[in-house]
1. If you go through segment 33-86 one residue at a time, how many are open to solvent by 100 Å² or more (accessible area, probe 1.4 Å) and among the polar types (S, T, N, Q)?
2. Suppose we keep only residues that are part of a loop (DSSP other than H, G, I, E, B) and polar (S, T, N, Q) within segment 1-37. Which one would you say is nearest to Met55 (Cα to Cα)?
3. When you scan segment 1-32, how many residues do you find that are among the aromatic types (Phe, Trp, Tyr) and open to solvent by 60 Å² or more (accessible area, probe 1.4 Å)?
Amino acid sequence: YGQYRVEGTTNKCFITISGSGQKGKVNLEKLEFRCREWQLTSLPCVHAVCVLIPMRHPWIEYYSEYHTIEKYVATCNLLIHAIDDSSE
């Protein structure tokens with residue numbers, strides 16, 4: 001997180017600059033960055049975190065609802081039936 005510098009471009013887009021000078025655009029409206037980690041996991045990547053922490057926005061707006069405690073509990077609440085026959 002501390003290895004990136006952030007520059008604002010528009011209301012929902014920001015440029016992150018790494019210590020080596022590599023730049024990338026974080027789009028908060030589309031929830032995307034070119035590393036594609038955010039799009040694949042539905043959790044903000046380190047580049048997005050560099051933008052979000054100083055802004056102090058509610059994080060729930062930037063990750064999937066399936067990463068909430070309520071969804072996790074609902075998933076683990078389902079019954080799992082044992083299979084006696086190992087060939088099944």
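1. The total comes to 2.
2. Asn11
3. Looking only at that region, the number is 2.
The values are calculated or read from the model by the stated rules, or taken from the named source; none is laboratory data. Keep in mind that what you see is a predicted model, and the values were worked out from it rather than measured. Accessible surface areas use protein heavy atoms only, side chains included; no ligands, DNA or RNA. Shrake-Rupley method; radii C 1.70, N 1.55, O 1.52, S 1.80 Å.
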